[in-house]
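For reference, the structure discussed in these notes is given below.
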Amino acid sequence: MNSQQIAYFLEVVRQGSFTKAAQVLYTSQPSLSRQIARMEDEFGAELFCRSRTGAVLSPIGKKYYDLFVEMEKRLAELSMEAKRESLQLEKSVHIGVPEGWDVLPLIEKMEALLSARGEELKMTFSAYSYRLLLSQLRNHQIDGCICPKGLIVPLEHMAFLDLPPLQNVLLYSRKHCPPENGQEYTVKDFRKEKLLLLEQEDTSIPKAYQLGFLQDKGIIPETKEYHNIDSILLDVSLDKGFAISDIWSRGAFDRNLSCLKLDQKMPICVAWPENHSFDEMRLFANLFKESMESLQ
């Protein structure tokens, strides 16, 4: 048994499905099943009662799950303790953000607030796809993240601080023909256009959020999915469809795109593992919220 097998086992339990777990872990289902089978051979017992309704833990599997969850929690605590010792007196946080978000003005505001108060906090940032962002957060590769609240609520053992909601926008090409009535664009002017989305396998939550907004307007658009945000923005600029994003998106400032503000705002938050509720992370969360409020 190794750490990879334990991680695979825990993800199958969290997802309730070998197929979904394989997608989250970026591996094939046969490979995942082989790793679980090796664990079962080593333990001499079946960990799951396999059925059409999904992967359900067996009685002994439930005991192993409880053991591994406790072990994972303890390892995370030890990792954080080691990190604190290595940092000594330096306050530092590493924060993940969704790829395509421009948070530079907020970072500059936070640094100004820290300087004015005589406080120190070293902040580093990395951008990820939604799936990788959540993976980095769960595996303690980042201290926390800024992201849509809908991504965090389903997760266990996460602390979060609500932030002011983020204005949603509709992005379309400057080449797009003006409305027939000569008035300003509205959402309904795009009812016959194609909605460009990130691949659903990345995470279905943003897709459901966007489609739900349009359906409330009586619009059920044709959709096309892409591997990354840059490809979406390129095709929007070429007038191959429209995208729904937010005011932090690079697309909102792209000279080849136009931006229509929508009557909807997206709940967002700063999130971090609840067993990592150290002072630096709380300081960052409160400071980020204050910076957002001051710039609105």
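The values are calculated or read from the model by the stated rules, or taken from the named source; none is laboratory data. What you are looking at is a predicted structure, and each value in this text was computed from that prediction instead of being measured. Reconstructed Cβ throughout: ideal geometry from the backbone, glycine too, with neighbour counts over all protein chains shown.
Please enumerate the residues belonging to region 5-57 that are surrounded by 15 or more Cβ atoms within 10 Å (Cβ to Cβ), part of a helix (DSSP H, G or I) and among the aliphatic types (A, V, I, L, M).
ILE6, ALA7, LEU10, VAL12, VAL13, ALA21, ALA22, VAL24, LEU32, ILE36, MET39
Say we look at region 58-94 and pick out the residues that are farther than 23 Å from ARG14 by Cα and modelled with pLDDT of 90 or more; which of these is surrounded by the fewest Cβ atoms within 10 Å (Cβ to Cβ)?
HIS94
Give region 116-174 a look and list any residue that's acidic (Asp, Glu) and surrounded by 17 or more Cβ atoms within 10 Å (Cβ to Cβ), or say none.
Matches in region 116-174: ASP143 only.
So which residues in region 265-282 are farther than 21 Å from GLU120 by Cα and surrounded by fewer than 18 Cβ atoms within 10 Å (Cβ to Cβ)?
LYS265, PRO267, GLU274, ASN275
Hey, can you tell me all the residues within region 241-296 that are in a strand (DSSP E or B), farther than 30 Å from GLU77 by Cα and of a type in the set (Gly, Ala, Ser)?
ALA243, SER245, SER249, SER258
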